[in-house]
Amino acid sequence: MRKLKTSELQRISPEEYQQQRHRKVIVVLDSVRSMNNVGSIFRSSDAFLIDKIYLCGITGKPPHREISKTAIGAEKSVPWEYFPTAMEAIHQLKNDGYTLIAVEQAENSLDLSTAQLPRENVAFIFGNEVDGVAQEVINACDHCLEIPQLGTKHSFNVAVTCGMVLWEHFRQSKLLLLMFVFLSACTSPNNQVPGTKYHVPSTRYQVSGTKYQVPSTKYHAPSTMYHVPYTIFITYSTDCPLCNRYTASIRELVKQLPDSIDFKFLKVNQDEVWDFDWDGNLAEQTINDSNGTWCKKLDLKVYPEVVVLSQSGQKIYQGKIDDRAVETGVSRARAKAEYLKDAINAIKKGVKPSINQTQAVGCYIES
């Protein structure tokens, strides 16, 4: 087991972070005194793609040297808004339809280890290091959430508390999506007929008195027939850091595709949970390739790897999306060559791409 170098983690840039679909979760800081705690909460919020932080009362605001010391740049990536009082933030969140959860020890508080948390449109309120969340704020909240403790102390550091709550919420969201994929597998027979649509039934989940709807999603069995002249296939895995880095740019590229070009994800691991939004069309643009049929047919060995295929089966281009990935663990901040875009532009002009093949770099697909 070898510790990874920072360069091998292939984290997204601040610009790419802004293009990601943020989770509809708000963190509210009610007069948090320590700038170091504020910076640490920015860092945790960045890690879990939190939508925004509301800074209230005496809570410090960026830019500030002490915040930057623990945020290490996250204060620039995570959006924030300031309110003179926490109650003003609470009123706005209520008007926006958020479920309000104060993280505080209180009568009838929910236990973090057993509570079922709303997946989206939820705001977690964290209080002052000494006084906690104000009673006035608690009165206005829908629930209180408490972290069980076994030692002699009565509380955790507010930044530690925030990290634990955000992680548990993220974990539950992942499990919900895993359940969703499981339901789809249960409703799809093994002998799928190409072109047949399978429906996951709509399911209601009860979350601390609040009902929210998991939408029905259509899953399509792989089909070898396409009515469009060209199809882009791309292998993708959310377990691959390089794939995640390309999510935003692929989304924008697909929006600009002409009607003559179709787009398909190849999902090798059918049990893998994909939790990013694709304007509601992700299922229709995904081919489950758990048996590796498509990867073998198209000679795809890593993800992300792209192949552009004509309806007659001719390969127009195969390889990298662009040249950001130089080799495994080494990448550029910005691309110098846009291979896939160049191939698409060549198709639009009715000519062959100047470069029709490159060596893809990424995570190897297990055979």
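The values are calculated or read from the model by the stated rules, or taken from the named source; none is laboratory data. Small disclaimer: the values here were computed from a predicted structure and weren't measured. Here the Cβ is made from the backbone with ideal geometry for all residues, glycine too, and neighbour counts use every protein chain on show.
General remarks:
- One residue from I41, I26, I72, I53 being in contact with a Pro (Cβ under 8 Å, 6 or more places away or on another chain), within 21 Å of M164 (Cα to Cα) and among the hydrophobic types (A, V, I, L, M, F, W, C): I53
- The residue that is nearest to the chain's Cα centre (by Cα), among those in the range 132-143 that are touching a residue at least 24 places away in the same chain (Cβ under 8 Å) and within 21 Å of T59 (Cα to Cα), is C141.
- Where G73 falls short, out of the listed (1) free of Cβ contacts under 8 Å to residues at least 60 places away in the same chain; (2) of a type in the set (G, A, S); (3) surrounded by 16 or more Cβ atoms within 10 Å (Cβ to Cβ): (3)
- Filter pass, K320 being crowded, with 17+ Cβ neighbours inside 10 Å and within 24 Å of I12 (Cα to Cα): yes
- For S68: the one exception among (1) part of a loop (DSSP other than H, G, I, E, B); (2) among the small types (G, A, S); (3) surrounded by 16 or more Cβ atoms within 10 Å (Cβ to Cβ): (1)
- Test result for I26, surrounded by 16 or more Cβ atoms within 10 Å (Cβ to Cβ) and closer than 24 Å to R171 by Cα: yes
- Screening the candidates V351, V330 for the property of being more than 29 Å from the chain's Cα centre (by Cα) and in the same structural domain as T238 (by TED's automatic domain parsing) yields one hit, V351.
- Residue count, the range 289-316 (criterion: assigned to a loop (DSSP other than H, G, I, E, B) and in contact with a Leu (Cβ under 8 Å, 6 or more places away or on another chain)): 3
A quick yes/no check of all residues on (1) farther than 30 Å from R245 by Cβ; (2) touching an Asp or Glu at 6+ places or on another chain (Cβ under 8 Å); (3) aliphatic (A, V, I, L, M):
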position	(1), (2), (3)
A47	no, no, yes
I50	no, no, yes
G73	no, no, no
S77	no, yes, no
I101	yes, yes, yes
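- Screening A47 with (1) in contact with a strand residue (DSSP E or B) (Cβ under 7 Å, 6 or more places away or on another chain); (2) within 16 Å of H169 (Cβ to Cβ) gives one miss only, at (1).
- Subset of the range 36-51 [acidic (D, E) and either assigned to a helix (DSSP H, G or I) or not assigned by TED's automatic domain parsing to the domain that holds V25 (or both)]: D46
- Evaluation of E120 against (1) in contact with a helix residue (DSSP H, G or I) (Cβ under 9 Å, 6 or more places away or on another chain); (2) on the phi > 0 side of the Ramachandran plot; (3) not basic (K, R) (one fails), failing number: (2)
- In the range 32-62, the residues that are surrounded by fewer than 21 Cβ atoms within 10 Å (Cβ to Cβ) and of a type in the set (S, T, N, Q): S34, N36
- Candidate set from the range 83-112 (those that are assigned to a loop (DSSP other than H, G, I, E, B) and touching a residue at least 40 places away in the same chain (Cβ under 8 Å)); member that is surrounded by the fewest Cβ atoms within 10 Å (Cβ to Cβ): Q105
- Condition check for F156: out of contact with any Asp or Glu (no Cβ under 8 Å at 6 or more places or on another chain), aromatic (F, W, Y) and surrounded by fewer than 18 Cβ atoms within 10 Å (Cβ to Cβ): yes
- Considering residues of the range 121-146 that are at pLDDT 95 or above and β-branched (V, I, T) only, the residue surrounded by the fewest Cβ atoms within 10 Å (Cβ to Cβ): I138
- Those residues of the range 113-131 which are under 21 Å from L166 (Cβ atoms), touching a residue at least 24 places away in the same chain (Cβ under 8 Å) and in a loop (DSSP other than H, G, I, E, B), in sequence order: S113, A115, Q116, L117, P118, R119, E120, N121, G127, E129
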